[in-house]
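The values are calculated or read from the model by the stated rules, or taken from the named source; none is laboratory data. Quantities reported herein were computed from a predicted structural model and do not represent experimental measurements. Using ideal geometry, Cβ is built from the backbone for each residue, glycine included, and neighbour counts are taken over all protein chains shown. Each accessible area value is taken on the protein alone, full model and side chains, heavy atoms only, with ligands, DNA and RNA left out. Shrake-Rupley method; radii C 1.70, N 1.55, O 1.52, S 1.80 Å.
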Amino acid sequence: MIEDNKSVSEMMGMFFQKEKWEASFAYDGNEAVDMFNESPDKWDMITLDLNLPGKDGMEVAKEIRKVSKTVPIIMLTARDTESDQVLGLEFGADDYVTKPFSPITLIARMKAIHRRDENLAEKLAENTPVNAEVEEADDGFDINTGFFKLNSNTREAYLGDNEIPDLTPKEFDLLKTLASKPKQVFSREQLLEQVWDYDYFGEERTVDAHIKKLRQKIEKVGPQVIETVWGVGYKFDDSGVKSKK
């Protein structure tokens with residue numbers, strides 16, 4: 001846990017101990033980066049405060065991602081604005097929790113991310129698709145619409161012949177969930193449950209922030225295929241794109 005408020009760290013330390021989790025604490029950005037770089041494989045998860053002395057949370061996330069693309073990072077932020085949340089995701093956070101937060105909610109988020117990572121590792125080890133509802137095709141892509149294709153084993157997604165770049169694990173899972181059922185509208189609550197494996201905690205903005213970042217990456221290589229259905233949620237639809245080919 002990287003958190004400069006020692007009262008918060010002490011409180012969470014008690015909750016971690018109750019869960020029988022081993023936890024280490026860093027109180028500024030420079031200390032955090034040094035601790036991580038000393039033994040990168042040691043850490044199963046990182047909670048990272050945005051406002052830190054030394055290096056701030058954005059800088060710390062960037063430094064960590066230079067070493068590990070996969071260690072889960074939950075960013076803790078008192079900045080309750082969409083731009084800060086999107087920026088945090090851009091620098092490598094898998095999720096964020098806004099302060100003040102409930103320790104029980106944070107613990108539940110951590111469990112959900114860990115549970116999903118374990119499931120992904122098991123599926124990859126078995127060489128089977130992550131989403132059991134989608135069967136892998138003979139060409140290796142378990143989703144292939146002709147214009148869009150996605151391979152769960154290699155964690156790659158393409159628009160046309162162009163790979164969508166630098167997808168984080170959550171962005172990939174979100175894209176796969178939407179694309180596995182084209183034109184079906186998913187509510188934010190459904191996406192939280194299916195992609196984050198959360199019970200609904202009222203953090204719909206987590207979905208919105210990830211969708212915004214995912215759209216930016218999609219638009220780097222082709223037309224937009226994720227649509228907003230106002231008042232409901234989001235859907236994947238590339239039918240109009242295909243008809244223009």
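A few notes on this one:
- Filter result for the condition that a residue is surrounded by 15 or more Cβ atoms within 10 Å (Cβ to Cβ), at pLDDT below 90, over 18 Å from E19 (Cα atoms) and among the hydrophobic types (A, V, I, L, M, F, W, C), over L52, L120: L120
- Test: residue in the range 205-218 that is open to solvent by 10 Å² or more (accessible area, probe 1.4 Å), over 24 Å from K69 (Cβ atoms) and either at pLDDT 90 or above or under 15 Å from the mean Cα position of the chain (by Cα) (or both): yes
- Here T47 clears all of (1) surrounded by 18 or more Cβ atoms within 10 Å (Cβ to Cβ); (2) part of a helix (DSSP H, G or I) except the condition numbered (2).
- If you go through the range 144-165 and keep only what is open to solvent by 40 Å² or more (accessible area, probe 1.4 Å) and of a type in the set (V, I, T), you end up with just T154.
- If the condition is being within 23 Å of G240 (Cα to Cα) and either within 21 Å of the chain's Cα centre (by Cα) or aliphatic (A, V, I, L, M) (or both), then the range 149-167 contributes K149, L150, N151, E156, A157, Y158, L159, E163, I164, P165.
- Against the numbered list (1) modelled with pLDDT under 90; (2) in a helix (DSSP H, G or I); (3) closer than 15 Å to M1 by Cβ, A61 comes up short only at (1).
- Yes/no for K181 being on the phi < 0 side of the Ramachandran plot and touching a His at 6+ places or on another chain (Cβ under 7 Å): no
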